[in-house]
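K.L.:
The structure that follows is given in the form of structure tokens.
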């Protein structure tokens, strides 16, 4: 329950990012959020380790204190309008008109390119009246969403394995002590922070320049680069040789996440952002929960444990990371049409009336 409680905020956080920030900068905003998560995790491990030597209860208390400050800050934020047209920096700014078009920049690009929506996926009912099961069924019918969920789960699966066995792998593979191994991982963590900041901003830049698939392409290239860079890092025995490879591999591994998070908002109507993220968070958390068990089992029972067992385990576990890259390249073909479908369903009328497909001038044969 303690571990799961922070995960409960992920769907709401995703929805609020879409509501508070305009679509052209959501990748950058997600970069800030993920950089904060990485930095916070690093500080948490460093601080609570020493405090736990005095009392394990004190470690939990120290971790809980920032939550009170965050809760106070959240209460001071006003409720945003859906869709991302509000100016977060101006609390006195007027709320968006109910009939204002909430489509994202990617969705507007899809319209400008004349992309036709999928008539079978255009939402004709009010999302607010959809139950959890019907909403989950709908979001899992969107091909790009399934691909992004699987790609994200594969990436986080490998990341969870690195977080669990990274220090042990570094110390055994490169023949260094634990203190130096922890220092190496701190440098690698710095590369990961740079990756999330750069990946989100680059995806936004490509989108602003009219490249509809920009966010997906950034993620696909980053996932591919991560696989390529991890190979020499895994098989070399020198820490000096491995450090640049593993640092840039961590940079690439983390760079794929902010553009993906922003791209998911482009293929969903605003009133389904939270529930769609809930489905994705469930799959991501499941993958991260299985990773330590599978990494350890494969290392001990398949490869015989020890240094070589862990080395070959990391090598084999690059396959899910490669699968993530493959899935993202596949998403380049489905993403534009799913963006157009979300644009058709996200038009000015989220007022609650049941809409028909004729509202978006779909061809008669598709009705």
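The values are calculated or read from the model by the stated rules, or taken from the named source; none is laboratory data. As the structure is a prediction and not an experimental result, all values here were calculated from the model. Reconstructed Cβ throughout: ideal geometry from the backbone, glycine too, with neighbour counts over all protein chains shown.
K.L.:
Which of (1) surrounded by 19 or more Cβ atoms within 10 Å (Cβ to Cβ); (2) farther than 24 Å from residue 300 by Cα; (3) modelled with pLDDT under 95 is the odd one out, the single condition residue 174 does not satisfy?
P.N.:
For residue 174, the exception is condition (2).
K.L.:
Which of the residues spanning the range 140-152 are assigned to a helix (DSSP H, G or I), surrounded by fewer than 22 Cβ atoms within 10 Å (Cβ to Cβ) and touching a residue at least 60 places away in the same chain (Cβ under 8 Å)?
P.N.:
Selection gives 143, 150.
Yes or no, residue by residue, for (1) in contact with a strand residue (DSSP E or B) (Cβ under 7 Å, 6 or more places away or on another chain); (2) modelled with pLDDT of 95 or more; (3) surrounded by fewer than 23 Cβ atoms within 10 Å (Cβ to Cβ); (4) not in a helix (DSSP H, G or I):
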{"position": "250", "(1), (2), (3), (4)": "no, no, no, no"}
{"position": "264", "(1), (2), (3), (4)": "no, no, no, no"}
{"position": "268", "(1), (2), (3), (4)": "no, no, no, yes"}
{"position": "271", "(1), (2), (3), (4)": "no, no, yes, no"}
{"position": "328", "(1), (2), (3), (4)": "no, yes, no, no"}
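K.L.:
When you scan the range 301-318, do you find a residue that is touching a residue at least 40 places away in the same chain (Cβ under 8 Å), buried (at least 16 other Cβ atoms within 10 Å of the Cβ), in a helix (DSSP H, G or I) and under 17 Å from the mean Cα position of the chain (by Cα), even just one?
P.N.:
Within the range 301-318, none of the residues are touching a residue at least 40 places away in the same chain (Cβ under 8 Å), buried (at least 16 other Cβ atoms within 10 Å of the Cβ), in a helix (DSSP H, G or I) and under 17 Å from the mean Cα position of the chain (by Cα).
K.L.:
Considering only residues that are touching a helix residue (DSSP H, G or I) at 6+ places or on another chain (Cβ under 6 Å) and within 21 Å of residue 250 (Cβ to Cβ), which ones fall in the range 318-341?
P.N.:
Of everything in the range 318-341, those that are touching a helix residue (DSSP H, G or I) at 6+ places or on another chain (Cβ under 6 Å) and within 21 Å of residue 250 (Cβ to Cβ) turn out to be 318, 320, 321, 322, 323, 324, 325, 327, 328.
Let's see how each residue does on (1) closer than 30 Å to residue 341 by Cβ; (2) surrounded by 19 or more Cβ atoms within 10 Å (Cβ to Cβ):
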{"position": "219", "(1), (2)": "yes, yes"}
{"position": "223", "(1), (2)": "yes, yes"}
{"position": "230", "(1), (2)": "no, yes"}
{"position": "234", "(1), (2)": "no, yes"}
{"position": "260", "(1), (2)": "yes, yes"}
{"position": "290", "(1), (2)": "no, no"}
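K.L.:
Being modelled with pLDDT under 75 and either more than 22 Å from residue 197 (Cβ to Cβ) or under 21 Å from the mean Cα position of the chain (by Cα) (or both) narrows it down to one residue among 53, 71, 41; which is it?
P.N.:
Step by step, each of 53, 71, 41 is checked, and only 53 is modelled with pLDDT under 75 and either more than 22 Å from residue 197 (Cβ to Cβ) or under 21 Å from the mean Cα position of the chain (by Cα) (or both).
K.L.:
So is residue 215 modelled with pLDDT of 90 or more, within 29 Å of residue 81 (Cα to Cα) and surrounded by 20 or more Cβ atoms within 10 Å (Cβ to Cβ) or not?
P.N.:
Yes; evaluated as a whole, the condition is true for this residue.
K.L.:
List the pairs whose first member sits in the range 5-30 and is under 18 Å from residue 198 (Cα atoms), whose second member is in a loop (DSSP other than H, G, I, E, B) and at pLDDT 85 or above, and whose Cβ atoms are under 6 Å apart, counting only residues at least 6 apart or on separate chains?
P.N.:
Hits for this filter: 29/21.
K.L.:
Follow-up. Test of understanding: among 202, 212, 207, which residue is farther than 27 Å from residue 310 by Cα, assigned to a loop (DSSP other than H, G, I, E, B), touching a helix residue (DSSP H, G or I) at 6+ places or on another chain (Cβ under 6 Å) and in contact (Cβ under 8 Å) with a residue 12 or more places away in the chain?
P.N.:
Exactly one residue qualifies, and that residue is 212.
K.L.:
Oh, and also: Which ones in the range 106-140 are modelled with pLDDT of 90 or more and within 30 Å of residue 227 (Cβ to Cβ)?
P.N.:
139, 140
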